[in-house]
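Engineer: Pasting in a structure now, in structure tokens, and then I'll have a few things to ask.
What follows draws every value from the coordinates through simple rules; no lab data is involved. All of these numbers come straight from a predicted model, not from anything done at the bench. All Cβ positions, glycine included, derive from the backbone under ideal geometry; neighbour counts span all protein chains shown.
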Amino acid sequence: MVVLLSNDDGIHAPGLKALAESLQELGELFIVAPDRERSATGHGITVHRPLRLETVTLPGVNARAWAVDGTPADCVKLAVEDLLPRPPELVVAGINQGPNLGTDVLYSGTVSAAIEGIINGFPSLAISLTSYGSYDFTTAAEVARKVVTLVMKNGLPPGTLLNINVPPAKPRGMRITRLGNRRYINIFHKRTDPRGRIYYWMAGEPLDLEENGEDTDVQAIKQNFISITPIQLDLTDHHALQILRQQWGEIPFNI
Ligand code: MN
């Protein structure tokens, strides 16, 4: 089984190494990842300059690996189109340092790598450790191996990826969740540079929103459960589609 690994924390990130170590006995691993941290680059791709890459040896990891000076989506595209000897059976992105919960998935390079996987028709997973402070990826790596084994056995519906978040403390169990909502306060720090010019630095803390019910990824992590959210690419609002077709479908547009 060919497994493609990528991430957005960069080829030398400890979470990627932990992921590779935990999966290397399950298949033939190929790693194609950004040459530096590209967190929060979303699904951006690089089309206005060339992409450069180099082969990399990761200590203790039995995998062919490339570092690319592009985004996670670039990495998966390049892997699938040119670098892999044959199409992967699975694409796994992570293990990200930090959560990818709720609305975060739209900004996340980790999730975007997995989205690029399903765009190309391959079962895909994104996995994140929900702590910026913990470098212990042991549990998250075990979760990755367990979920990969389940996906190998049961498959995934076409066009669906699994977004997995693992709490840093010992998990109380696992929940299949829906995406919650995440909004941040104090997003911008406004400061003055040494030359007297104003600059802004985006940061902020996520708000604790009551609308995040028990069945959301946000609540699962808050209660120390592993969260697994199936995500699909179809952003169509099917409810609104029906309404618009009924209400607007009859309006003539003779422009
Ligand atoms: Mn990241």
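Engineer: Karplus couplings for region 172-185 from phi (6.51 cos²θ - 1.76 cosθ + 1.60, θ = phi - 60°), rounded to Hz, Gly and Pro as x?
Structural biologist: Values per residue, Gly and Pro as x: 7, x, 10, 10, 8, 10, 9, 5, x, 10, 10, 10, 10, 9 Hz.
Engineer: Taking 0.36 nm per residue of separation and subtracting the Cα-Cα distance, what length does fully extending ASP69 through ARG49 add?
Structural biologist: Result: 6.2 nm gained on full extension.
Engineer: By count of other Cβ within 10 Å, fewest leading, how are SER39, SER108 ordered?
Structural biologist: Ascending number of Cβ neighbours within 10 Å: SER39, SER108.
Engineer: With unit charges on the beta carbons (Lys and Arg positive, Asp and Glu negative) and the dipole taken about the Cα centre of the chain, which residue among VAL92, LEU125, GLY70 sits farthest to the positive side?
Structural biologist: In the chain, that residue is GLY70.
Engineer: Which whole-number percentage describes the relative contact order of region 78-180, with Cα contacts under 8 Å and a sequence gap of 6 or more?
Structural biologist: Numbers: 144 pairs, mean separation 32.4, N = 103.
Relative contact order for region 78-180 comes out at 31 percent.
Engineer: What's the magnitude of the charge dipole for region 1-71 around its Cα centre, counting Lys and Arg as +1 and Asp and Glu as -1 at the beta-carbon? Answer in Debye, nearest 20.
Structural biologist: Approximately 220 debye in magnitude.
Engineer: Taking square-rooted eigenvalues a ≥ b ≥ c of the alpha carbon gyration tensor, is the chain rounded, prolate or oblate, where a/c under 1.5 means rounded and, failing that, a/b exceeding b/c means prolate?
Structural biologist: It is rounded, given that a/c, with a ≥ b ≥ c, falls under 1.5.
Engineer: Let me check I've understood the local charge: for ILE119, count other residues with C-beta under 15 angstrom from its C-beta, Lys and Arg +1, Asp and Glu -1. What total comes out? Can you show the working numbers first?
Structural biologist: On the way: positive: LYS77; negative: ASP74, GLU81, GLU116, ASP234.
Taking every Cβ under 15 Å from that of ILE119, the sum is -3.
Engineer: Among all the lysines, which ones have a C-alpha under 27 Å from LYS77's C-alpha, if same-chain residues fewer than 8 places away are not counted?
Structural biologist: In chain and number order, the partners are LYS17, LYS146, LYS153.
Engineer: Picking from GLY196, GLN242, ALA113, whose Cα lies most toward the positive end of the charge dipole for region 100-255 (charges on Cβ: Lys, Arg +1; Asp, Glu -1)?
Structural biologist: Checked the options; the winner is GLY196.
Engineer: For region 144-203, what is the convex hull volume of the alpha-carbon atoms per residue, in Å³?
Structural biologist: About 197 Å³ per residue, rounded to a whole number.
Engineer: Ordered by residue, what ³J(HN,Hα) values in Hz, to whole numbers, does region 78-88 give under the Karplus form 6.51 cos²θ - 1.76 cosθ + 1.60, where θ = phi - 60° and Gly and Pro are x?
Structural biologist: Going residue by residue, I get 5, 4, 5, 7, 9, 7, 6, x, 7, x, x Hz, with x marking Gly and Pro.
Engineer: Give the Kirkwood hydrodynamic radius (Å, one decimal) of region 1-83, defined as one over the mean of 1/r across all pairs of different Cα atoms. Could you put the intermediate results ahead of the total?
Structural biologist: Working: mean 1/r = 0.0791 Å⁻¹.
About 12.6 Å, per the Kirkwood formula over Cα pairs.
Engineer: Which percent of the Cα-Cα distances in region 186-255 go past 18 Å?
Structural biologist: The answer is 72 percent, as a whole percent.
Engineer: In whole Å, what is the distance between the alpha-carbon centres of region 1-53 and region 80-157?
Structural biologist: Rounded to whole Å, the Cα centres lie 10 Å apart.
Engineer: What list of ³J(HN,Hα) couplings, whole Hz, do you get for region 24-39 from phi and the Karplus terms 6.51, -1.76, 1.60, once you set θ to phi - 60° and write x for glycine and proline?
Structural biologist: 5, 7, 8, x, 8, 8, 10, 10, 10, 9, x, 6, 8, 5, 10, 4
Engineer: Another question, then. Check VAL56: other-chain or 5+ apart residues with amide H under 5 Å from its amide H, H built from backbone geometry?
Structural biologist: Placed amide hydrogens put ALA65, TRP66, ALA67 under 5 Å from VAL56.
Engineer: Among residues other than ILE243 whose Cβ falls under 15 Å from its Cβ, what is the net charge (Lys/Arg +1, Asp/Glu -1)?
Structural biologist: Result for the neighbourhood of ILE243: -1.
Engineer: Name the residues whose placed amide hydrogens come within less than 5 Å of the amide hydrogen of SER128, ignoring near sequence neighbours (fewer than 5 apart) on the same chain.
Structural biologist: So SER128 has HN proximity to ASN96, ILE164, ASN165, VAL166.
Engineer: Would you pull out the residues with amide H under 5 Å of ARG38's amide H, same chain only if 5 or more places away, H placed 1.01 Å from N?
Structural biologist: It is ASP9, GLY10, by chain and number.
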